[in-house]
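Presented below is the structure to which this report refers.
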Amino acid sequence: QVQLVESGGGLVQAGGSLRLSCAASGSTSSINAWGWYRQVLGKQREWVATIGSGGSTKYADSVKGRFTISRDNAKNTVYLQMNSLKPEDTAVYYCNAASYRGSIWGQGTQVTVSS
């Protein structure tokens, strides 16, 4: 069974950077896509970025050009490099692993961007 643990969140000033990590344990061979989502309290969870099994990436328009999703297969870890952060990026960020069997979510990590 795959388990995901996010880390790297924190408080950063507008214009600053953070790198989020999603460490996976268990067998990841069935995972065909990894993603990052974010959620503000009381709002719907929003898709941020995806990386496919072949390495292709997609981004939400709101983060395109500022965020980069990547993975290190040897370390079973997915990253979200967040640059030029804005106050509207403030949210709890969640890692997701998707396969034909279903999706798995991490516990989330808080990102707060001060103005």
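Sort out for me the strands (runs of 3 or more DSSP E) sitting completely within the stretch 1-106 that have 2 or more residues that are surrounded by fewer than 13 Cβ atoms within 10 Å (Cβ to Cβ) and modelled with pLDDT under 95.
Values: elements: 3-7, 10-13, 18-25, 33-39, 46-52, 57-59, 67-72, 77-82, 91-99, 102-105.
Fully inside the stretch 1-106 and qualifying: 102-105.
Take the stretch 66-115 and flag every residue that is hydrophobic (A, V, I, L, M, F, W, C), over 13 Å from G8 (Cα atoms) and touching a helix residue (DSSP H, G or I) at 6+ places or on another chain (Cβ under 9 Å).
Selection gives F67, V113.
Does any residue in the stretch 9-30 that is farther than 26 Å from E88 by Cα and without any contact (Cβ under 8 Å) to a residue 60 or more places away in the chain come within less than 7 Å, Cβ to Cβ, of a residue that is assigned to a loop (DSSP other than H, G, I, E, B) and open to solvent by 60 Å² or more (accessible area, probe 1.4 Å) six or more places away or on a different chain, and which pairs are these?
If the second residue must be assigned to a loop (DSSP other than H, G, I, E, B) and open to solvent by 60 Å² or more (accessible area, probe 1.4 Å), the pairs left are G26/Q1.
Write out, first by first residue and then by second, each pair whose Cβ atoms fall under 8 Å of each other, whose residues are 6+ apart or on separate chains, and whose first residue, in the stretch 100-115, is without any contact (Cβ under 8 Å) to a residue 40 or more places away in the chain while the second is surrounded by 11 or more Cβ atoms within 10 Å (Cβ to Cβ) and of a type in the set (S, T, N, Q).
So the pair list comes out as S103/N96.
Can you name the condition, by its number, that P87 falls short on among (1) more than 15 Å from V2 (Cα to Cα); (2) free of Cβ contacts under 8 Å to residues at least 40 places away in the same chain?
(2)
Restricting to the stretch 83-115, name every residue that is under 28 Å from I31 (Cα atoms) and more than 16 Å from the chain's Cα centre (by Cα).
Listed by number, the residues that qualify are S99, Y100, R101, G102.
Using the structure shown, decide if G108 is of a type outside the set (V, I, T) and touching an Asp or Glu at 6+ places or on another chain (Cβ under 7 Å). Show your work before the answer.
Working: of a type outside the set (V, I, T): yes; touching an Asp or Glu at 6+ places or on another chain (Cβ under 7 Å): yes.
Taking the combined requirement at face value, the residue satisfies it.
The values are calculated or read from the model by the stated rules, or taken from the named source; none is laboratory data. Given the structure is predicted, the values throughout are model-derived calculations rather than measurements. Positions of Cβ are backbone-derived with ideal geometry, glycine not excepted, and every protein chain shown enters the neighbour counts. Remember, those area values only see protein heavy atoms, side chains included, never the ligands or the DNA or RNA. Shrake-Rupley method; radii C 1.70, N 1.55, O 1.52, S 1.80 Å.
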